[in-house]
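Working notes for the structure below.
Read-outs throughout are calculated quantities, based only on the coordinates presented, and are distinct from any laboratory measurement. Values in this document were obtained by computation on a predicted structure and should not be read as measured data. Please note: Cβ atoms are built from the backbone with ideal geometry, for glycine as well, and neighbour counts cover all protein chains shown.
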Amino acid sequence: MVIVSRFRIEAMDCTAEEQLVRMRLSGLDGVDLVRVDLDSREVAVRHRTDAAAVDSALRSLDLGTTYLGDGGDVEIPADTGRERSALRIALAINAAFFVGELTVGLVSRSMGLVADALDMGADASVYALSLAAVGTSAARKNRLARVSGYLQLGLALLGMVEVIRRLVGDEDLPDVTSMIVVSLLVLAGNIVTLVILRRVRSDDAHFQASWIFTANDIKVNALVILAACGVAWFDSALPDLVAGIVIFGVVANGARRILKLAG
């Protein structure tokens, strides 16, 4: 019997987390179709298995899952090719900003920018995993997820070690102008990415909703900008290092979720 179960995912506030949800459910036997509504943070799953199994799979992501009940139907996507194209564009944007921001961060001596670059790289890896996993076996999906998760976790831990090294050492101040300019550019890239992805689902891009769903990325960008202001105001690298350690923590938590996805 075909059942449509609905769930609310409280912490699903960006497209990268949506892809984690889709990847987790794609490896579950009996799942026919998954529809995600970021506006309401709800997921509708058409399946031929026990709803408890779907609920357990979603809860394993630690995104705050609530089972809303069964009933109704799920519309079949009109054009999956458009979704793949949008994912490729999102991957390209995130990958480009990852390389650019990482380069500027290293040159300008800003751990905040380096950490933010890694956050962009983490998003890019989720999009890449989503594309690479299409039509592949569950085992291969898990292998890809594990590689990505361990790589992100390793880089995040190395970043934290570097922050600690700079805390106890005597380092030059990061370049404030570079921190602010690059953070604003990355913020624009985040918004463009989300608008592109949302246009796949609707011809109208709801910019107010877009701001809500890029909340995490906006907070990260704002943190780097605030850190730059702190560096200029206090004539100290400490605000940048604090921003770096916080963002590296965010990336490490994202890596943990991907590793849980891999099982």
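Computed quantities for the displayed model
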| quantity | calculated |
| --- | --- |
| Pairwise FRET efficiency - V107 versus Y67, Cβ, R0 = 51 Å, nearest 0.05 | 0.55 |
| Burial ordering of R24, R146, R6, fewest other beta-carbon atoms within 10 Å first | R146, R6, R24 |
| FRET efficiency estimate (nearest 0.05) - Cβ-Cβ, S26 to V147, R0 22 angstrom | 0.80 |
| Rough spin-label spacing in nm, given labels placed 7 Å along Cα→Cβ, for R48 and L131 | 3.2 nm |
| ³J(HN,Hα), Karplus 6.51/-1.76/1.60, whole Hz, each residue of region 184-190, x for Gly, Pro | 5, 5, 5, 4, 4, x, 4 |
| Peptides ranked, highest mean first, by Cβ atoms within 10 Å: ranges 174-181, 26-33 | 174-181, 26-33 |
| Length added when fully stretched, R256-V195, from 0.36 nm per residue minus Cα-Cα | 19.2 nm |
| Rg over Rh [alpha-carbon atoms, Kirkwood Rh] for region 3-70 | 0.90 |
| In order through region 22-36: 3J(HN,Hα) via Karplus (6.51 cos²θ - 1.76 cosθ + 1.60), integer Hz, x for Gly, Pro | 4, 5, 5, 7, 5, x, 9, 4, x, 8, 8, 7, 10, 10, 10 |
